[in-house]
Each structure stands twice: as structure tokens, then as C-alpha cells.
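Have a look at the structure below, then the notes.
Please treat every number below as a calculation from the coordinates, not as lab data. Nothing here was measured: the structure is a model prediction, and the numbers come from that model. In this analysis, Cβ positions are derived from the backbone assuming ideal geometry, glycine residues included, and neighbour counts consider all displayed protein chains.
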Amino acid sequence: MTTHAGDTGTTARNGAGALLRGWRELRRISQLELALRADSSARHISFIETGRSRPSRELLLRLAGQLDVPVRERNALLVAAGYAPQFPERPLDDPALEPLRAELERLLAGYEPYPAFVVDGTYTVVAANRGLAALLEGVAAPLLQPPLNALRVALHPGGLAPRIRNHAEWRGHLLGRLERQLPLVRSAPLRALYEELRDYPAPPAPAPAPGRGAAPASPASASPTAGEREPVALPMRLEHGGRVLSFVSTIATFNTPMDVTVSELAIETLLPADAETGAYLRATAP
């Protein structure tokens, strides 16, 4: 029997096996542990990873689920094994997603006056409320042109960076988030964004500008003085309107999404980290 180097079946098996092994190693799970979780055998997992066996579509999806593989990458696993993709990737303006868009808009409005926005898989802002718009006053106009990128606006010298009082800590938080995400999503645009943000120069240290009724500016890493409370999470301390506002960030995603676009959406909310910030936002809400 003649074996052809271009045998698509062998190529598909090897491609899917290599991808599966990469995800298993990334999650630091042994073949035996994965087999037990997925109701298979370590021998079968080994055969799949080496290309000696082609997994069924159902088993491949079950393995991907146990490894918490992102939805987009589950499609890639299926294609590498010679199957059709399982999950559609509809644009956010697709009529089928209209109910979701409406609920997102309602949710964002409900967070007002606190800033809230929705980003896609490359941190492009696809929806936002008026609370965020108020914080973006003074940002360079080119950065506000669509597509507006949340991380670029935060760290660009023409964006919020010069007004973020604990810039070094907040920059480290945002870049660290990207660094953890890059191995999970093989996205060239996301890597390019990371490299762009990493190369931004640090802004000059801001002059002290304590505002009336706001907490005095202080480095985020400094120990709290008498009467101050230890922050519950790393705050972003942002100078705004002659005051220093303090926010903590929360991120929400969809459970068990069945669409690639939906799986990559995240709702981010900036909640007041102190009573003064909350009072100021409520008093100045449009």
C-alpha cells in the first residue's frame, strides 16, 4: 500500500492531536486525568494526540469542554480533525442577536451613573453607557474614533494614562490580563495590541491636585493611613474634574455561549471604590 504525504485524514488527525495536546499541557492535566473526566481511556487520548486515532466529533467536543477550550478554538479543533465547525460566528448586528443587543443596552443603562461598557475579543468597545462617556472627556479625538479600543484609550499617552494616578499598577494589571489571555486565543490582532500597549511610554508624574470632597491622591501601593480602609481590589485612581476618583473593575461574561461572537463579549463595570466617588458620580449624573 502506498502512503501519500498529502493524506488529508492523517493530516487532520495529527493537527487535531497536536492542538489537543497543547491545550491539555496548557491546563496541566495528564492524559489519565483527562480520560477520567471525559469517560475515555488514557490509551485512547494518547492515540488521538499522536494521530494514530481519529476522535469522534462528540468525543472531541467533550474533551474540549473538560479543558475549557474557548469556543472559537473548539471550532479550530473540529476543523483540524476534519469536521465542520460547531459554533456559528454571527456579527453583533445580525438580526438573530437583536434581543441580546437590546438586553445589553438595558443592562448598561441600569448601571448608570457608574461607567459600564461591552467589549469584544480584541477589547473593541461595542456598547457603552453615559457614565463611560463622561470619563472620556479630554481624551484625544483620534482615540475616540470607531473602533474605540478600551485598552488603548486607557494606556495611550493621549488617552486616560496621564490622569491615572496609579498608572504603573493599573498598566501592570491590564497587560497582565492580556498576557494570561494570549495563550488561550491564538489571535494576531490581540498580540499586536499587546505589543503596542507594552511600548507606550509612561506618562509624566501628575502634579498633586486634591479636589473638594474627594480623597487625596496617593500611590495605590502606599499603606493606608489612620482612618483609611484597605482597598478590596486594585483600584484605578483617575483624576477627573479636579478630583481623584477611585474605581474597582468587574467583568462579566456569558455562561455556555453557543456563538463565537457572544462567547468573546465581556461586560466591564467601573464601580466606586469609596463613598466619595459614588457620591460625586450620583451628583453629576446627566
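Please arrange Ser246, Ser53 by counting, for each residue, the other beta carbons lying within 10 Å of its beta carbon, fewest first.
Ranking Ser246, Ser53 by Cβ neighbours within 10 Å, fewest first, gives Ser53, Ser246.
How big is the C-alpha Rg of the chain next to the rule-of-thumb value 2.2 N^0.38 Å, as a ratio?
1.24
Compute the distance in nm between two label points, each set 7 Å from the Cα along the Cα-to-Cβ direction, one at Asp68 and one at Glu196.
It works out to 2.9 nm between the two label points.
Fewest Cβ neighbours within 10 Å first, please rank His173, His167 accordingly.
Going from sparsest to densest Cβ surroundings: His173, His167.
For segment 9-80, what value does the Rg/Rh ratio take when both radii are computed over Cα atoms and Rh is the Kirkwood radius, given to two decimals?
Ratio of gyration radius to Kirkwood radius for segment 9-80: 0.91.
Taking other Cβ within 10 Å of each residue's Cβ, how do Thr261, Thr122 sort, fewest first? Kindly include the intermediate steps, with their values, before the conclusion.
Details: Thr261 21, Thr122 16.
Lowest count first: Thr122, Thr261.
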